[in-house]
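Down below is the structure, laid out as structure tokens.
The values are calculated or read from the model by the stated rules, or taken from the named source; none is laboratory data. If you're wondering where the values come from, they're calculated on a predicted model, not measured in any experiment. In this analysis, Cβ positions are derived from the backbone assuming ideal geometry, glycine residues included, and neighbour counts consider all displayed protein chains. Ligands, DNA and RNA are stripped out before the accessible areas are found, and what is left, the full protein with its side chains, is counted by its heavy atoms. Shrake-Rupley method; radii C 1.70, N 1.55, O 1.52, S 1.80 Å.
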Amino acid sequence: MRSGSTAAACAALVRRDLTLVWRRRGDAANPILFALIVVALFPLALGPEPEQLRRIAAGVVFVAILLAGLLALDTLFRSDYEDGSLEQLVLSPHPLSLLLACKIAVHWFTTALPLIIVSPLLGELLHLAEPLRGLLPLALLLATPLLSLLGAVCVALTVGMYRSGMLLALLVLPLYVPVLIFGAGACNAAQAGLPFAAPLLWLGAALVLALVLAPLACAAALRISLS
Amino acid sequence: MNDFLAMGGYGAYVWSAYAVFFVVLALEALAPRATRRRVLADLRGRLKRRDARNEASA
Amino acid sequence: MNALTLWFHKTGSPPTAYRLAGRIMPWCYGLGLVLGLVALYGGLVLAPRDYQQGDAYRIIFIHVPCAWMSLFAYFFMAANAFIALVWRIKLSEVLAMAAAPIGAAFTFITLVTGSIWGKPMWGTWWTWDARLTSELVLLFLYLGVIGLHAAIEDRRQAARAAGFLALIGIVNIPIVHFSVNWWNTLHQGSTVRLMGPSKIDASMIWPLLLMALATHVWFFGSVLARTRIGLLELDGGKDWVRAIALDDDKEAHA
């Protein structure tokens with residue numbers, strides 16, 4: 001049997017994943033809804049004073065989007081594992097890490113990108129400070145791919161389990177801590193009038209590193225859990 | 001002796017810290033014993049079931 | 001096969017490793033206990049009172065050795081996980097997973113004693129101090145490894161998956177430490193230096209080091225005890241395990 005080129009395989013995989021998401025496009029709104037609910041809870045819990053909300057706005061939006069991403073992680077391999085196409089992927093002659101990178105990219109594109117787009121709205125709900133309006137989406141743009149890549153490795157480790165929700169959170173959160181610190185930290189530093197380029201650069205460096213290493217780690221983890 | 005137990009007024013803190021240290025390490029040392037008993041009992045159960053199956057089929 | 005690899009394979013085989021571990025284990029526990037008691041005597045009775053902290057500083061004699069152990073156990077676990085994943089040595093898988101609960105126990109002690117120490121010194125049970133926060137993340141890493149290992153049915157696959165997670169964690173630890181330090185400088189105010197670079201008296205340092213030695217020896221005793229169980233589980237159907245199971249039953253009824 002002749003197998004096509006790797007590029008063609010990646011393109012086919014991306015097309016397939018996008019089609020699957022499109023067929024269930026109602027679900028795509030779930031992470032946004034979740035983040036919106038979480039953000040709406042804070043004024044209810046803390047009171048509506050704009051000053052107080054402004055102080056915590058960036059951090060709350062960051063945490064809400066992180067949690068929404070955590071909930072969405074489960075769908076990364078779930079249906080592919082259940083219908084067996086994940087094993088097909090592992091057995092395919094093309095480099096598994098590259099195929100997984102495509103899957104993660106599509107997943108980020110369909111779950112995290114909408115969250116970034118609505119993040120100004122979430123910020124507005126909490127009276128986000130004026131200078132942060134541009135910075136928060138930028139920080140999220142650097143942080144969310146990193147969250148998706150790190151999360152994918154942990155999802156690959158728990159792929160065969162029925163009830164992996166709590167365990168997945170336990171595995172993922174320690175890895176998310178530095179991303180959260182630098183992402184939300186950049187916003188807080190900007191709000192306090194401090195230089196904020198360094199944490200963003202650190203996020204960028206980590207993202208480049210993760211872009212290369214995380215798909216490899218994800219492939220290795222998947223091979224372990226499907227063996 | 002009372003002076004020693006009082007620890008210069010910090011007795012409650014010092015001794016509770018040491019108590020945590022000892023209790024956790026004691027539990028940590030006893031846990032393998034209980035696990036070992038459970039694993040071996042498990043094994044015996046499995047062996048017994050297998051023997052019973054073999055006899056039934058023989 | 002040269003003599004070294006032959007020896008390695010022989011000691012690495014489960015029955016031999018089980019017997020060897022059984023022979024060394026009581027010595028580790030015994031030595032750890034004796035050294036620990038001497039260190040306690042030195043720390044609680046012989047060491048003089050600290051002029052700044054009074055007697056509260058005596059928590060250092062358990063807090064700091066446990067903090068060292070929490071990191072040491074993680075390195076031990078990750079090193080064995082690496083060996084297990086690269087060379088597929090069964091014994092290393094078992095050793096790595098044996099270290100996880102002990103490391104978690106030491107991390108837990110570090111957190112609790114640190115918080116008890118913080119109450120009289122800082123006036124609060126918990127501050128978001130850089131080291132305490134890192135230690136908390138470390139505890140989560142341990143719990144993740146233990147949870148993953150417990151959640152997978154097949155013992156070998158469980159050990160390999162959890163070992164892989166431990167290796168990811170070892171990359172994560174310095175990053176967490178670095179980021180938490182940066183975060184702490186951003187939010188000045190809660191930083192309280194518990195121990196600056198102040199000189200520590202020799203009468204205080206020897207019980208500390210001796211206690212560190214004792215916890216290391218104790219750790220190895222406990223690793224061996226847990227390794228023995230791991231080997232029994234791994235080789236469940238084999239003859240040597242069956243013999244041990246039946247012997248154990250006889251002892252219980254005798």
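Compactness of chain A was expressed as the Cα radius of gyration divided by 2.2 N^0.38 Å, which yields 1.07.
List the accessible area buried at the contact between B and C, summed over both sides and calculated with a 1.4 Å probe, in Å² to the nearest 100.
Details: alone 5500 and 14500 Å², together 16870 Å².
So the buried area, both faces added, is about 3100 Å².
What 222 nm value per residue comes from the helices of the protein assembly as shown, counting each DSSP H run with n ≥ 4 as -39,500 (n - 2.57) and dividing by all residues, nearest 500 deg cm²/dmol?
About -28000 deg cm²/dmol.
Hydrophobic long helices, here whole DSSP H runs in chain C with Kyte-Doolittle means of at least -1.0 and Cα atoms spread over 24 Å or more along the helix axis, are found at C:14-41, C:60-87, C:90-122, C:130-151, C:155-186, C:202-234. Residues of region A:192-227 that bury at least 10 Å² of accessible area once all protein chains are present, compared with their chain alone (1.4 Å probe, heavy atoms only, ligands and nucleic acids left out), are A:Leu194, A:Pro199, A:Trp202, A:Ala217, A:Ala220, A:Ile224, A:Ser225, A:Ser227. Taken along the Cα-to-beta-carbon direction at a fixed 7 Å, the label points for A:Thr19 and C:Gln52 span 6.9 nm.
The 3J(HN,Hα) values that the Karplus relation (6.51, -1.76, 1.60; θ = phi - 60°) gives for region A:72-85 are, in residue order, 6, 4, 4, 7, 4, 10, 3, 5, 5, 5, 5, 8, x, 6 Hz. Gly and Pro appear as x. Each Cα pair under 8 Å and six or more residues apart adds its sequence gap; the mean of these over the residue count of chain A is a relative contact order of 26 percent. Between the residues C:Ile175, C:Ala100, C:Ser134, the greatest Cα displacement towards the positive end of the dipole of the protein assembly as shown, with unit charges on the Cβ of Lys, Arg, Asp and Glu, is found for C:Ala100. The share of C-alpha pairs in region A:183-227 whose separation exceeds 16 Å stands at 54 percent. Working from Cα pairs under 8 Å separated by at least six residues, relative contact order for chain C is 35 percent.
Rolling a 1.4 angstrom probe over the protein heavy atoms with all chains in place gives chain C an accessible area of 47 Å² per residue. Distance check, please: which entries in B:Lys48/C:Lys90; C:Lys10/C:Lys238; B:Lys48/C:Lys250; B:Lys48/C:Lys238 exceed 22 angstrom between their Cα atoms? Check vs 22 Å cut-off fails for B:Lys48/C:Lys90. Couplings for region A:104-120, taken from phi via the Karplus curve 6.51 cos²θ - 1.76 cosθ + 1.60 with θ = phi - 60°, read 5, 4, 4, 4, 5, 4, 8, 10, 8, 4, x, 5, 5, 5, 8, 4, x Hz in order; Gly and Pro are left as x. Dividing the alpha-carbon radius of gyration of region A:118-227 by the rule-of-thumb value 2.2 N^0.38 Å gives 1.24.
Considering every residue in A:145-154, what mean count of other chain Cβ atoms within 10 Å of its Cβ is obtained? Kindly include the intermediate steps, with their values, before the conclusion.
Details: counts 0, 0, 0, 0, 0, 2, 0, 0, 3, 4.
Per residue, the average neighbour count from other chains is 1.
Note on chain B: Cα-only Rg and Dmax are 24.0, 76 Å.
Taking a quarter of the surface of the Cα convex hull of region C:37-173 gives a mean projected area of 9.4 nm².
Can you pull the semi-axes for chain C, root of five times each eigenvalue of the Cα gyration tensor, sorted largest first, whole Å?
Working: eigenvalues 283, 109, 48 Å².
That gives 38, 23, 16 Å for the three semi-axes.
Return the carbon/sulfur percentage of the accessible area of region B:2-57, one whole number, probe 1.4 Å, all protein chains in place. Intermediate values should be presented prior to the final figure.
Values: 2100 of 3580 Å².
Whole-percent figure for carbon plus sulfur exposure: 59.
Going from the isolated chain to the complete set of protein chains, region C:134-163 loses at least 10 Å² of heavy-atom accessible area (1.4 Å probe) at C:Val137, C:Phe140, C:Leu141, C:Leu143, C:Gly144, C:Gly147, C:Leu148, C:Ala151, C:Ile152, C:Gln157, C:Arg160, C:Ala161. Across the protein chains, with a 1.4 Å probe defining accessible surface, the residues C:Thr227, C:Thr185, C:Thr124 rank C:Thr185, C:Thr124, C:Thr227 from largest area downward. For a paramagnetic label modelled on C:Ser13 (point 7 Å from Cα along Cα→Cβ), amide N atoms under 15 Å away belong, within region C:85-127, to C:90-91.
At 1.4 Å probe size, with the rest of the protein present, what percent of the exposed accessible area of region C:6-135 is carbon and sulfur atoms?
Values: 4150 of 5760 Å².
Reported share for carbon and sulfur atoms: 72 percent.
The residues of chain A expose on average 48 square angstrom of accessible surface per residue, using a 1.4 Å probe on protein heavy atoms.
When only Cα pairs under 8 Å and 6 or more residues apart are kept, what is the percent relative contact order across region C:1-124?
Values: 72 pairs, mean separation 32.5, N = 124.
For region C:1-124, the relative contact order is 26 percent.
Mind pulling the angle between the C-alpha long axis of helix A:132-157 and the longest principal axis of chain A? Nearest 10 degrees, somewhere in 0 to 90. Tilt relative to chain A: about 30 degrees. Hydrodynamic radius of the protein assembly as shown by the Kirkwood approach over all distinct alpha-carbon pairs: 26.2 Å. Compared with the dominant principal axis of the Cα atoms in chain B, helix B:11-57 is inclined by about 0°.
Given a 1.4 angstrom probe, what's the average accessible area per residue across chain B, in square angstrom?
Numbers: 3850 Å² over 58 residues.
Result: 66 Å² of accessible area for each residue.
Taking all protein chains as present, what is the carbon and sulfur share of the accessible area of region A:6-226, in % to the nearest whole number, probe 1.4 Å? Carbon and sulfur: 72 percent of the exposed surface of region A:6-226.
For peptide C:99-107, compute the average count of partner chain beta-carbon atoms within 10 Å of each residue's beta-carbon. Show your work: numbers first, answer last.
On the way: counts 0, 0, 4, 5, 0, 2, 6, 4, 0.
Mean inter-chain Cβ contacts per residue within 10 Å come to 2.
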